[in-house]
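Below is one structure, written out as structure tokens; the observations come after it.
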Amino acid sequence: MLEVVRIPALSDNYIWLVHEPVSGATMVVDPAVAEPVLAEADARGWTITDIWNTHWHPDHTGGNAEIKAATGCTITGPAAEAAKIPTLDVQVRGGDAVKLGNVEARVIDVPAHTAGHIAYHFAGEEIVFVGDTLFAMGCGRLFEGTAAQMFDNMAKLAALPEETTVYCAHEYTQSNGRYALVAEPENQAIHARMAHVDAARDRGEATVPTTIGQERATNPFMRATTIEELAERRAAKDSFRG
């Protein structure tokens, strides 16, 4: 039912424009900037009714004010970060329900990258918007949280159906995959995936969205079996220059 459009922004961000055709409601997930979002919506004849933020970082909220000024949309985001998102209209927490037109999503608490980071899961559509918590073959840096929190986040997301489409916010797949090959050199699924990723990037193509099934098979952070292993892998990735 939902139509999802990828909008590249800045150097490696992806903004997601999401349209619910029955009601006509249209929302933007984590607008880094406003201009390409407004242009894309206008080109499609869609009126932006909502912005959903996953966390406070400026490359996820930088377009909020301009889009709201242009459209009068409602901005929803994490209650725990309301002080850092001054444009917020609606504050939500894990377990809350949020609706885009006739379609409902549930909020999942996924702190670690930032203290109040959330994700939005449309169970009926098998879609999840994860911001900077989960990437293709990677996870977010631990700027405001702990490895234990990120380990719990990976478990929560891994528990979703494997067909679930994962919309993350950055084109980091190639660098993540190079580290994944070092973390799990015997994992043939990573080798096979990287062949496709490298070919796609050579053609200038995006490598996201991904799926929960792909991440279960190839993501060294989701595949970490202990908090300590995830912490070691995150520290190694932070300094990895492959």
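The values are calculated or read from the model by the stated rules, or taken from the named source; none is laboratory data. None of these values were measured; they are calculated from a predicted model. Neighbour counts are summed over all protein chains in view; Cβ atoms, including those assigned to glycine, are modelled from backbone coordinates with ideal geometry. Surface accessibility is based on the protein's heavy atoms, side chains included, excluding ligands, DNA and RNA. Shrake-Rupley method; radii C 1.70, N 1.55, O 1.52, S 1.80 Å.
If I compute solvent accessible area with a 1.4 Å probe over the protein chains, what percent of it on the chain is carbon and sulfur?
Summing carbon and sulfur atoms, their accessible area is 50 percent of the total for the chain.
If you count Lys pairs in the chain whose Cα atoms are under 24 Å apart, skipping same-chain pairs closer than 8 places in sequence, the total is 5. Between GLU144 and ALA159, the contour length at 0.36 nm per residue exceeds the alpha carbon distance by 3.0 nm. Residues in the chain average 41 Å² of solvent-accessible surface per residue, probe 1.4 Å, ligands and nucleic acids excluded. Remark: the ALA70-HIS191 segment gains 39.0 nm on full extension, using 0.36 nm per residue and subtracting the alpha carbon distance. The range 130-148 and the range 1-52 have Cα centres separated by 23 Å.
Rounded, prolate or oblate: which fits the range 52-151, taking a ≥ b ≥ c as square roots of the Cα gyration tensor eigenvalues, rounded meaning a/c under 1.5, else prolate when a/b beats b/c? Oblate. Apply the a/c threshold of 1.5 to the C-alpha gyration tensor of the range 1-108 and tell me whether it is rounded, prolate or oblate. Verdict is oblate for the range 1-108.
In a DSSP loop and with at most 14 other Cβ atoms within 10 Å, the trypsin sites (Lys or Arg not before Pro) in the range 1-109 are ARG93. Counting only Cα atoms, the size of the range 172-242 along its three principal axes is 37, 27, 22 Å, in decreasing order.
Using only the alpha carbons of the range 119-184, what is the convex hull's orientation-averaged projected area in square nanometres?
4.8 nm²
Note on the chain: Kirkwood radius taken over Cα pairs, Stokes-Einstein applied at 20 °C and 1.002 mPa s, translational D equal to 119 µm² s⁻¹.
The value of relative contact order for the range 24-112, using C-alpha pairs under 8 Å at least six residues apart, is 24 percent.
Can you give me the relative contact order of the range 114-162 as a percent, contacts being Cα pairs under 8 Å and 6 or more apart?
30 percent
Based on DSSP H segments of at least four residues, each scored -39500 (n - 2.57), the chain has a per-residue ellipticity at 222 nm of -9500 deg cm²/dmol.
Relative contact order, whole percent, for the chain stands at 14, derived from Cα pairs under 8 Å and 6 or more residues apart.
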